[in-house]
Structure formats: structure tokens, C-alpha cells
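The values are calculated or read from the model by the stated rules, or taken from the named source; none is laboratory data. Every value quoted in this text rests on a predicted model; they were computed, and no experiment measured them. We place every Cβ from the backbone using ideal geometry, glycine too, and count neighbours over all the protein chains shown.
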């Protein structure tokens with residue numbers, strides 16, 4: 001995430017806003033013209049709200065006679081709370097105002113209880129809005145759904161699904177007959193084998209060659225094929 005450090009002076013001059021605007025008005029302009037567009041680029045489908053806290057403290061700040069105040073987000077990577085540094089050249093002063101952000105994004109959630117070990121599918125999920133600051137892990141969206149993954153624990157209704165709550169499905173189970181594909185340069189050899197343990201996609205498992213009885217380690221490719229590279 002890139003850090004944006006923009007002067008509110010440029011924004012106000014560009015927009016034709018006079019120096020008479022109050023400090024609160026200038027900060028709100030900064031929010032609407034800088035912060036919300038910046039966060040919208042990072043979270044394209046989000047509904048974003050930014051709220052200023054402790055507004056009463058602004059009443060004690062002197063008017064900035066030199067022009068528009070300077071504003072800088074102290075924690076541009078924050079998803080919930082941050083502080084804006086506000087300052088003036090003449091008279092010289094600097095202050096900070098706390099800010100609360102709400103970034104609501106559409107994500108996949110359960111619509112019925114899902115038991116541990118159950119497959120996540122369109123029939124037990126739907127889309128809802130969630131504040132990303134309330135989540136642990138990466139969420140799933142309509143563009144990147146969790147369908148086919150397995151619940152790693154019991155999920156209550158209206159639980160937003162993250163990678164921390166799911167595991168990949170077991171593609172190959174112990175005792176399954178598999179096709180062993182061996183690559184060595186331009187040479188490809190295929191032979192039959194038996195899985196000696198369970199495996200998910202991309203996992204290395206032990207497999208026995210049914211012809212030679214040799215036990216090898218191979219990577220799970222599909223539910224019926226494993227790969228060996230020499």
C-alpha cells in the first residue's frame with residue numbers, strides 16, 4: 001500500500017476554495033478528495049465512511065492566516081483508526097485529530113450453520129457486507145469464492161468466511177489408485193501407483209509403484225494423479 005502525503009493547500013487552491021473555510025471544513029474536504037478516493041483504489045467495492053473524533057478540540061486552534069492548513073494521515077495503512085496531523089505556517093502550530101474509518105466490503109458468509117469438515121458451497125453461503133477491521137485472515141468474495149474448501153471448524157450462521165476458517169479438500173486418500181507421472185527433461189513416464197497417505201493439491205505424499213513396489217514421494221496434482229520430477 002503506497003503512502004500518500006498530499007498537502008491540503010494544493011487541493012483547496014485547485015478546487016477554488018477560499019482560505020475562509022473552517023478547519024473542520026478543510027479536513028472534511030481532504031477526506032472527500034484524498035482519503036476516500038485513495039481507499040477506494042485499494043478496496044474498489046467497499047463502502048467507506050470516515051468520521052472525525054474530538055471535534056471540540058478544533059475550536060481551540062488559532063485561525064491559519066498563512067492559507068489552508070496542511071493535513072497528513074499518520075497511519076495510511078490503518079483500516080480502523082488513525083490520526084491526521086494538521087498544521088499551519090502562520091501562526092505556527094501543529095495538532096492531531098483522531099479519525100475512525102469504516103471500510104465495509106462485500107464478502108462470502110454462511111447462511112446456515114456449517115459443520116467442521118463440511119464443504120463450503122453456494123447452497124450454504126451468500127454475500128454480505130463486513131467491516132474488514134473485524135476480520136482475521138483474508139476474506140472470500142464473489143470474484144474469489146471459497147467454494148470447494150472445507151470448514152476447519154464449526155461455523156455459525158452469518159459467519160464471514162476467511163482463509164483462517166477453511167482448509168483445502170483432500171484430493172487423494174490413503175489406498176487410492178493413482179497415476180504416477182515422472183518427468184525427466186523431455187522424457188515423460190507414467191505408471192500406476194497406490195497412495196500411502198492422504199494429500200491435498202500440491203502436497204508431497206508417499207506413493208508405492210505397483211509394478212516395482214518402490215515407495216516414492218510425489219506431488220498431488222489431481223484426485224487421480226501425482227507428479228515426480230527427476
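Residue under question is residue 216, and the condition is that it be at pLDDT below 95, crowded, with 16+ Cβ neighbours inside 10 Å and more than 37 Å from the chain's Cα centre (by Cα); does it hold? Talk me through it step by step, then tell me what you get.
Working: at pLDDT below 95: yes; crowded, with 16+ Cβ neighbours inside 10 Å: yes; more than 37 Å from the chain's Cα centre (by Cα): yes.
The answer is yes for residue 216.
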Original post:
If only one of 11, 103, 69, 50 is touching a helix residue (DSSP H, G or I) at 6+ places or on another chain (Cβ under 8 Å), buried (at least 18 other Cβ atoms within 10 Å of the Cβ), modelled with pLDDT of 90 or more and more than 22 Å from residue 134 (Cβ to Cβ), which one is it?
Top reply: 69
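Does segment 84-93 contain at least one residue that is under 25 Å from residue 104 (Cβ atoms), at pLDDT 90 or above, surrounded by 12 or more Cβ atoms within 10 Å (Cβ to Cβ) and outside the structural domain of residue 139 (by TED's automatic domain parsing)? Spell out the reasoning first.
So the first thing to find is which residues in segment 84-93 are under 25 Å from residue 104 (Cβ atoms), and the list is 84.
So of that shortlist, the ones also at pLDDT 90 or above come out as 84.
Keeping just the survivors that are surrounded by 12 or more Cβ atoms within 10 Å (Cβ to Cβ) gives 84.
Pick out the ones that are also outside the structural domain of residue 139 (by TED's automatic domain parsing) and you get 84.
Yes: segment 84-93 contains one or more residues that are under 25 Å from residue 104 (Cβ atoms), at pLDDT 90 or above, surrounded by 12 or more Cβ atoms within 10 Å (Cβ to Cβ) and outside the structural domain of residue 139 (by TED's automatic domain parsing).
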**OP:** Return the total of residues in segment 44-60 being over 23 Å from residue 78 (Cβ atoms) and in contact with a strand residue (DSSP E or B) (Cβ under 9 Å, 6 or more places away or on another chain).
**Re:** 1
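Out of the strands (runs of 3 or more DSSP E) lying entirely within segment 138-222, which hold 3 or more residues that are without any contact (Cβ under 8 Å) to a residue 40 or more places away in the chain?
Fully inside segment 138-222 and qualifying: 187-195, 204-209, 215-220.
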Original post:
When only residues in segment 101-132 that are part of a strand (DSSP E or B) and touching a residue at least 60 places away in the same chain (Cβ under 8 Å) count, which is nearest to residue 50 (Cα to Cα)?
Top reply: 101
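The rows are residues; the columns are (1) surrounded by 14 or more Cβ atoms within 10 Å (Cβ to Cβ); (2) in the same structural domain as residue 45 (by TED's automatic domain parsing); (3) within 30 Å of residue 80 (Cβ to Cβ).
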{"position": "131", "(1), (2), (3)": "yes, no, yes"}
{"position": "136", "(1), (2), (3)": "no, no, yes"}
{"position": "156", "(1), (2), (3)": "no, no, yes"}
{"position": "159", "(1), (2), (3)": "yes, no, yes"}
{"position": "185", "(1), (2), (3)": "no, no, no"}
{"position": "222", "(1), (2), (3)": "no, no, no"}
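State whether one or more residues within segment 49-66 are in contact (Cβ under 8 Å) with a residue 60 or more places away in the chain and either in the same structural domain as residue 24 (by TED's automatic domain parsing) or within 34 Å of the chain's Cα centre (by Cα) (or both). Spell out how you get there, then give the answer.
Just the residues of segment 49-66 that are in contact (Cβ under 8 Å) with a residue 60 or more places away in the chain, to begin with: none.
No, every residue in segment 49-66 fails to be in contact (Cβ under 8 Å) with a residue 60 or more places away in the chain and either in the same structural domain as residue 24 (by TED's automatic domain parsing) or within 34 Å of the chain's Cα centre (by Cα) (or both).
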**OP:** Evaluate segment 178-196: report whether one residue or more is under 30 Å from residue 134 (Cβ atoms), modelled with pLDDT of 90 or more and out of contact with any helix residue (DSSP H, G or I) (no Cβ under 6 Å at 6 or more places or on another chain).
**Re:** no
